[in-house]
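No lab work stands behind these numbers, since they all come straight from the coordinates. The structure presented is a predicted model; accordingly, all values stated were derived computationally and were not measured. Cβ: placed from backbone, ideal geometry, glycine included. Neighbour counts: every protein chain shown.
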Amino acid sequence: MIVVKNISKRFNMHNAVDNISFTVGQGENVVFLGTSGSGKTTLLKMINRLIEPDCGEILIDGRSIVDQRPEHLRRGIGYVFQNNGLFPHYTIEENIAIVPRLLGWNRDRIAPRVISLMEKLRLPPAQYLNAYPNELSGGQQQRVGIARALAADPPVLLMDEPFGALDPITRASVKKDFKELDELRSKTIILVTHDVQEAFELADRIFLMDGGRIIQEGKPEDMFDRPATQYVKDFFEGQRYIFDHFKNSQH
Ligand SMILES: Nc1ncnc2c1ncn2[C@@H]1O[C@H](COP(=O)(O)OP(=O)(O)OP(=O)(O)O)[C@@H](O)[C@H]1O
Ligand SMILES: [Mg+2]
């Protein structure tokens, strides 16, 4: 379980994250939805200590994250970066194997793990194992970013617009393969996006953010049925048909 209590982060005079609190249950998939600049990346980075909050507290399974060394903390948290964040001078294999190596897995364990993830994410190993990120398309790089985050099978996954910056067709295909991964079962996932449809597709619960704050939290349908403010109403205006379409296609 992840408990976030009253965290804030100010850059210069600007509150990027402004007194945010929430709880994510074990195995729950939540989506933080908000426009550009609403504080999504800042929030996500604070959960694995890429950014330290100015105040507040974050607990994972009852333990404050500041009581753990950042590198230890991050071994239990897969992180998919906005714009994938692959190391350009590492091959695809080396990129995916980063955390297992840090954890001291031996070669006999790392190699099959990398190959199995590449196969599941439709990156033919024979072709791409020894390639470098710039030899891959954007969609393939996103797939590598996801494989890397999952490599050591962490209980928590933080995903920053993992399907952003892709054309709609590629996005649908990466997302489909992602959703089918058996690895995801029982993982606690926090995903951030500006895409309403993506939030409907992936969220057990949505948190709508604006100006560094959570404006509303609830199930996807609550956003239509019980909008907390005019902003929420406007944000989801005209989106109901997407939600209904998605709901029907699930059953
Ligand atoms: N390192 C930084 N220094 C100064 N300001 C920053 C820094 N990082 C973020 N900000 C500011 O904090 C606010 C929130 O940024 P953040 O990157 O968290 O937004 P976001 O919701 O992830 O946006 P996007 O959807 O465009 O990725 C923005 O106004 C941004 O300019
Ligand atoms: Mg961002």
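Looking across the stretch 153-176 at every residue that is in contact with a helix residue (DSSP H, G or I) (Cβ under 7 Å, 6 or more places away or on another chain), within 16 Å of ligand 1 (Cβ to nearest atom) and assigned to a loop (DSSP other than H, G, I, E, B), the one that is nearest to Ile110 (Cα to Cα) is identified as Pro162. One residue stands out among those in the stretch 19-29 that are among the β-branched types (Val, Ile, Thr) and away from ligand 2 (no atom under 16 Å from the Cβ): the one that is surrounded by the fewest Cβ atoms within 10 Å (Cβ to Cβ), which is Thr23. Collect the residues in the stretch 31-52 that are under 30 Å from Gln197 (Cα atoms) and either away from ligand 2 (no atom under 16 Å from the Cβ) or of a type in the set (S, T, N, Q) (or both), keeping them in residue-number order. Thr35, Ser36, Ser38, Thr41, Thr42, Asn48, Arg49, listed by residue number. The set of residues in the stretch 1-18 being more than 16 Å from Thr35 (Cβ to Cβ), within 16 Å of ligand 2 (Cβ to nearest atom) and buried (at least 21 other Cβ atoms within 10 Å of the Cβ) consists of Lys9 alone.
Scan the stretch 84-104 and give yes if some residue there is within 19 Å of Leu191 (Cβ to Cβ), in contact (Cβ under 8 Å) with a residue 24 or more places away in the chain, within 16 Å of ligand 2 (Cβ to nearest atom) and surrounded by 14 or more Cβ atoms within 10 Å (Cβ to Cβ), otherwise no. Taking every residue of the stretch 84-104 in turn, at least one turns out to be within 19 Å of Leu191 (Cβ to Cβ), in contact (Cβ under 8 Å) with a residue 24 or more places away in the chain, within 16 Å of ligand 2 (Cβ to nearest atom) and surrounded by 14 or more Cβ atoms within 10 Å (Cβ to Cβ).
Restricted to the stretch 168-225, and to residues there that are free of Cβ contacts under 8 Å to residues at least 60 places away in the same chain and of a type in the set (S, T, N, Q), the residue that is nearest to Phe236 (Cα to Cα) is Gln197.
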